[in-house]
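**Q** Take a look at this one; I'll ask things after.
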Amino acid sequence: MKKLKYLVICLLAFTLSCEEDDSPVVLPLANLAATSEVTMDGSGTVTIRAAAQGAKSYTFDFGDGTTGESLTGYIVKTYEMTGDNTYTVTITAIDEAGSSITETVQVSVSVDAEIPAEINLLTSGTTKTWYLAASEPGHLGVGPAREGIDGDWWYPKWYSAMAFEKCGSEESDCLCDDELTFSVNSAGEVTYELNNNGQTYFNVGHLAAAGGSGDTDLCYDFDTSGSKSVALSMVSGNVPDDQTTGIQMDIADGGFMGYYVGSSTYEILSITENSLHVRTYDTANPDLAWYHMFASEPATPPTPGNDMEPSAAAPVPTVDAANVISLFSDAYTDVAVDTWRTDWSQATLEDVDVAGDATKKYSELNFVGVETVSSQIDASAMTHFHTDIWTADATEIRIKLVDFGADGAFDGGDDVEHEIVVSSPAQGEWVSLDLPLADFAGLTTKANIAQLIYSGDPSGALTVYIDNVYFYDAGTTTPTGPTSAAPTPSLDATDVISMFSNAYTNVAVDTWRTDWSQASLEDIMVAGDDVKKYSELNFVGAETVSSQIDATTMTHFHTDIWTADATEVRIKLVDFGPDGAFDGGDDVEHEIAITNPNQGEWVSVDIPLTDFTGLVNTANIAQLIYSGDPSGAITIYVDNVYFHK
């Protein structure tokens, strides 16, 4: 029995001595090392990889007040402070027992600023040069600086320059060749340079700043060289909110925008890719606010004696004569008119011939009255008043209709009237006005219309040509252009990439008519809404080559179109591919045809991007092309162009 116990003990001891030791080997915490990789795209993203012997986890102090943790030592950090900054990242490796060792690495990152859309428009994202919009009425103007001086105060109420008014004269021509360049860097810092080509146009109250004197505005030699920083801020209360972007620019070192009134502070009232409208204050007279308009291209002065009067006749009316009461038109039989210039008028009247068409010319116009007192017009069955106007210098045209009432007598107690204002009419071309009589809200009766009154601004200094003056019933006629605005989009702006719409902030578009287009483009207003008008359309290209559109998260393309004559409208989208270059080998495109679109009304086209089957990529959309039939003979109006989801 004792021998058996001894044998069992020996076997047990032998067994235990033969088992392997499975306990883990614990290495000491040591040799912490780290690398960093910065993404060079302005996003501020850094990838850090840390490794240490014996480490079970890692913590990171990124040097900007934030921290992170990782079990593997791999972590990605995105810094937010804009500009170029260097941070010390402290990395701590921790073992299972809680012991730790640390190491630091330096990371230098660049974070691009989020630049407001208005500043992108101001600078084209990098650098952009602006020029005086000399061809636009009101490119220079002045009005009351604030409420309480003279009624309305948010527009150039007291003076508005006529087109090219300041160009061609030795005293003021220097204003017309100014070049204003705004630039922005990746940190969102804006700078400004004014190339005045040697001379600046000084306001009379500031001539001393150039060492001059006198009693009128003058051009003086003045050094404006050098880049100046621009501080941006939000401002409110200077003008009504709907009249401004709310962005104010303060130009350092006495910088100014063309016309010198002593101020370096400018409020951006409005800005598009092609136009910039600003407001500033006269430092010598706090009651004055000055207005400047700039354009992305230099203005082309009119040819003397060529563009100051119409060379072509007004468009021939097409309304059926049975639906017309005509006062003056070669296309119709006119009713009796007592006079085309009353004794109380302030204007000069000439009956002229324009390309074989009889036309009324009013010069030095303040106001002019046309009367049909002896044969008063019953327009109660009419829906519209039409007139064609041509002017080279008017910044505003006003049209008043007066009804003498049932007694047919002036000031008989039942007279009614209403005036329509046409602001900033296109200059140098015939403008056809079709005014719904319903818009003459004060003209509550229309059976005894006895007076038609034209007036305008600049008062007493403008010339207007008039043709085709008539009332008509639109119930049986198709209008040649829209009289109401396109439907206002209701999609949330966060779900939209807008190219052209007053309802949204638009992305940068290089051009709405490329050089290779076959169409005429006009930027017009329809019932207060900005609209693109393409006439004689074969095809027209809009390009976003410099800022290509990434529509990969969008599901639809939208556009509103209006046409009176197109039997087919085609819409093509072109994506330049990852290389971003035209014809780089990875371009894709697809065209959608809209057959027999409704004519004479706005058509809202909402096309799923999946219907553009050839458009297999949508990350680099660089071209939008409209075309249609009958080729070269149609007119289309375009509004609310955007991608959405």
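The values are calculated or read from the model by the stated rules, or taken from the named source; none is laboratory data. Fair warning: this is a prediction, and the values are worked out from it, not measured in the lab. Every residue, glycine as well, gets a Cβ built from its backbone with ideal geometry; the counts of neighbours run over all protein chains shown.
**Q** If you scan the stretch 580-599, which residues turn out to be loosely packed, with under 14 Cβ neighbours inside 10 Å, free of Cβ contacts under 8 Å to residues at least 24 places away in the same chain and not charged (D, E, K, R)?
**A** The answer is GLY584, GLY585, ASN598.
**Q** Residues VAL337, VAL370: which one is touching a residue at least 60 places away in the same chain (Cβ under 8 Å) and either assigned by TED's automatic domain parsing to the domain that holds GLU417 or closer than 23 Å to ALA322 by Cα (or both)?
**A** VAL370
**Q** Of these, ILE377, ILE389, which one is closer than 17 Å to THR463 by Cβ and crowded, with 19+ Cβ neighbours inside 10 Å?
**A** ILE389
**Q** Within the stretch 210-241, take every residue that is at pLDDT 90 or above, polar (S, T, N, Q) and within 30 Å of ALA187 (Cα to Cα) and give me the one that is nearest to the chain's Cα centre (by Cα).
**A** Here the residue is SER229.
**Q** Going through VAL574, VAL641, VAL603 one at a time, which residue ends up being modelled with pLDDT of 95 or more, out of contact with any Ser or Thr (no Cβ under 6 Å at 6 or more places or on another chain) and of a type in the set (A, V, I, L, M)?
**A** None of the other options fit; the residue is VAL574.
**Q** Another one. Looking at GLY600, GLY585, GLY614, GLY577, which is the one that is assigned to a loop (DSSP other than H, G, I, E, B) and either closer than 23 Å to PRO487 by Cα or among the basic types (Lys, Arg) (or both)?
**A** Answer to the check: GLY600.
**Q** Among the residues of the stretch 312-329, how many are surrounded by fewer than 18 Cβ atoms within 10 Å (Cβ to Cβ), polar (S, T, N, Q) and at pLDDT 90 or above?
**A** The qualifying residues number 0.
**Q** Still on this structure, please answer the following. Any idea which residue in the stretch 279-310 is nearest to the chain's Cα centre (by Cα), counting only those that are of a type in the set (Gly, Ala, Ser) and at pLDDT below 90?
**A** Among them, the one singled out is ALA299.
**Q** Filter the stretch 88-100 for residues that are in contact with an Asp or Glu (Cβ under 9 Å, 6 or more places away or on another chain) and buried (at least 18 other Cβ atoms within 10 Å of the Cβ); which is farthest from GLY54 (Cα to Cα)?
**A** This residue is VAL89.
Residues are listed down the side, and each one gets a yes or a no for (1) under 30 Å from ALA52 (Cα atoms); (2) out of contact with any Pro (no Cβ under 6 Å at 6 or more places or on another chain); (3) in the same structural domain as LYS77 (by TED's automatic domain parsing):
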position: THR102; (1), (2), (3): yes, yes, yes
position: GLN106; (1), (2), (3): yes, yes, yes
position: GLY125; (1), (2), (3): no, yes, no
position: TYR131; (1), (2), (3): no, no, no
position: PRO137; (1), (2), (3): no, yes, no
position: LEU140; (1), (2), (3): no, yes, no
position: ARG146; (1), (2), (3): no, yes, no
position: ILE149; (1), (2), (3): no, yes, no
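**Q** Which one is surrounded by the most Cβ atoms within 10 Å (Cβ to Cβ), of the residues in the stretch 535-569 that are of a type outside the set (A, V, I, L, M, F, W, C) and more than 23 Å from VAL507 (Cα to Cα)?
**A** THR563
**Q** With respect to the numbered conditions (1) assigned to a strand (DSSP E or B); (2) in contact with a Lys or Arg (Cβ under 9 Å, 6 or more places away or on another chain); (3) touching a residue at least 40 places away in the same chain (Cβ under 8 Å), which one is the sole condition not fulfilled by MET554?
**A** (1)
**Q** Within the stretch 314-326, count every residue that is closer than 20 Å to GLY475 by Cα and either touching a residue at least 40 places away in the same chain (Cβ under 8 Å) or part of a loop (DSSP other than H, G, I, E, B) (or both).
**A** Qualifying residue count for the region: 9.
**Q** What about GLY356, is it over 17 Å from VAL431 (Cα atoms), surrounded by 17 or more Cβ atoms within 10 Å (Cβ to Cβ) and in the same structural domain as ASN448 (by TED's automatic domain parsing)?
**A** Judged against the criteria, GLY356 is not a match.
Matching residues to (1) surrounded by fewer than 22 Cβ atoms within 10 Å (Cβ to Cβ); (2) touching a Lys or Arg at 6+ places or on another chain (Cβ under 6 Å); (3) among the hydroxyl-bearing types (Ser, Thr, Tyr):
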site	(1), (2), (3)
TRP158	yes, no, no
ALA163	no, no, no
CYS167	yes, no, no
GLU170	yes, no, no
GLU179	yes, no, no
TYR192	no, yes, yes
ASN195	yes, no, no
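**Q** Kindly indicate which of THR488, THR483 is modelled with pLDDT under 95, under 30 Å from THR552 (Cβ atoms) and β-branched (Val, Ile, Thr).
**A** Residue meeting the stated conditions: THR488.
**Q** Go through THR445, THR488 for me and flag whichever is over 29 Å from ASP334 (Cβ atoms), out of contact with any Phe, Trp or Tyr (no Cβ under 8 Å at 6 or more places or on another chain) and of a type in the set (Ser, Thr, Tyr).
**A** It is THR488.
**Q** I've got another one for you. Given (1) surrounded by fewer than 18 Cβ atoms within 10 Å (Cβ to Cβ); (2) over 24 Å from the mean Cα position of the chain (by Cα), where does GLY577 come up short, assuming only one miss?
**A** (1)
**Q** For the condition of a type outside the set (A, V, I, L, M, F, W, C) and surrounded by 14 or more Cβ atoms within 10 Å (Cβ to Cβ), what is the one hit in GLY528, GLY481?
**A** Selected residue: GLY481, the only one of GLY528, GLY481 that is of a type outside the set (A, V, I, L, M, F, W, C) and surrounded by 14 or more Cβ atoms within 10 Å (Cβ to Cβ).
**Q** So in the stretch 74-106, with the set limited to residues that are in contact with a Lys or Arg (Cβ under 6 Å, 6 or more places away or on another chain) and assigned to a loop (DSSP other than H, G, I, E, B), which one is farthest from MET40 (Cα to Cα)?
**A** GLU96
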